[in-house]
Amino acid sequence: MSISRFITVMTLICSVVASSGATAQESAATGQEKTRQQGQVRGRDLMSPEERAQHREKMRSMKTEEERKAYQEEQHRKMQERAKEQGLTLPDQPGQGPGRGGGRQGRGGPPRQ
């Protein structure tokens, strides 16, 4: 295969991969918007990307399950207040939001928030 042919093929592959990633992100955003329209959201939907990253790091840094549970409950109360201000609701307990599948469990860290 010539170098120009190789470059053409690689360019095509990269453009297909890039467009499929955008489609997946658009689909996730559409699902979150439908959930918001129904009035109930997850706490993480109300957090900025920076807040989510800080939350993940804080959860990972805690040594015991009890520490994580207490922090998670405190964070959930804060997100309930934020949701209320926006006319939305969160479930009564953390981790029970719409679409909660626990998909991150078993990958070396606590469940996503």
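The values are calculated or read from the model by the stated rules, or taken from the named source; none is laboratory data. If you're wondering where the values come from, they're calculated on a predicted model, not measured in any experiment. Cβ: placed from backbone, ideal geometry, glycine included. Neighbour counts: every protein chain shown.
Figures for the structure shown
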item	result
Any chance GLY99 is at pLDDT below 90, exposed (fewer than 11 other Cβ atoms within 10 Å of the Cβ) and outside any strand (DSSP E or B)	no
Qualifying residue in the stretch 11-31 (condition: at pLDDT 75 or above, surrounded by 10 or more Cβ atoms within 10 Å (Cβ to Cβ) and not in a helix (DSSP H, G or I))	no
Subset of the stretch 68-85 (residues that are farther than 13 Å from ARG42 by Cβ and touching a helix residue (DSSP H, G or I) at 6+ places or on another chain (Cβ under 9 Å))	ARG68, TYR71, LYS78
Residue satisfying all of: in the stretch 53-93; without any contact (Cβ under 8 Å) to a residue 24 or more places away in the chain and of a type in the set (A, V, I, L, M); surrounded by the most Cβ atoms within 10 Å (Cβ to Cβ) among these	MET62
Unmet criterion (only one of (1) in a helix (DSSP H, G or I); (2) out of contact with any helix residue (DSSP H, G or I) (no Cβ under 8 Å at 6 or more places or on another chain)) for HIS55	(2)
